[in-house]
Amino acid sequence: MAKKKPNTDTSTMETNAEANNRSAITADEPVTSSKKAKKTAAKKKSDKPNIFKRMWKGLKGIFSELKKVSWPKGKEVGNNTVVVLIVVVIFFVILFGIDYVLSGLLGLVTNGSWTTLFI
């Protein structure tokens, strides 16, 4: 029993030829000249509305979004402001204390005496 060898040369050539035909068929855009490309580019630029119309459209979008926002009442804003101020004062006191202690310790190490900030 002799095994037959497949003829790889013809099958490869057929495969390459089919691939070339498929790529030629599936190419959607024909090759255009540079003049035609410039004309279409110029036409696309003119399709945009001018800058003032685009700005007005953007501002209208902003105002419509701001109407959808649920704005807090004055009393709620006041309460939140008081909470923020209290938290800021607490952090100020904590950081001032840490700074005072660390600068004092640095004075002990370098000068041999506790360094005070207020002289």
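The values are calculated or read from the model by the stated rules, or taken from the named source; none is laboratory data. Quick caveat, the model's predicted, so the values are computed rather than measured. Positions of Cβ are backbone-derived with ideal geometry, glycine not excepted, and every protein chain shown enters the neighbour counts.
Details
- Counted residues, the range 64-114 - those being of a type in the set (A, V, I, L, M, F, W, C) and either part of a loop (DSSP other than H, G, I, E, B) or in contact with a Lys or Arg (Cβ under 9 Å, 6 or more places away or on another chain) (or both): 3
- Test: residue in the range 71-93 that is touching a helix residue (DSSP H, G or I) at 6+ places or on another chain (Cβ under 9 Å) and either surrounded by 10 or more Cβ atoms within 10 Å (Cβ to Cβ) or modelled with pLDDT of 95 or more (or both): yes
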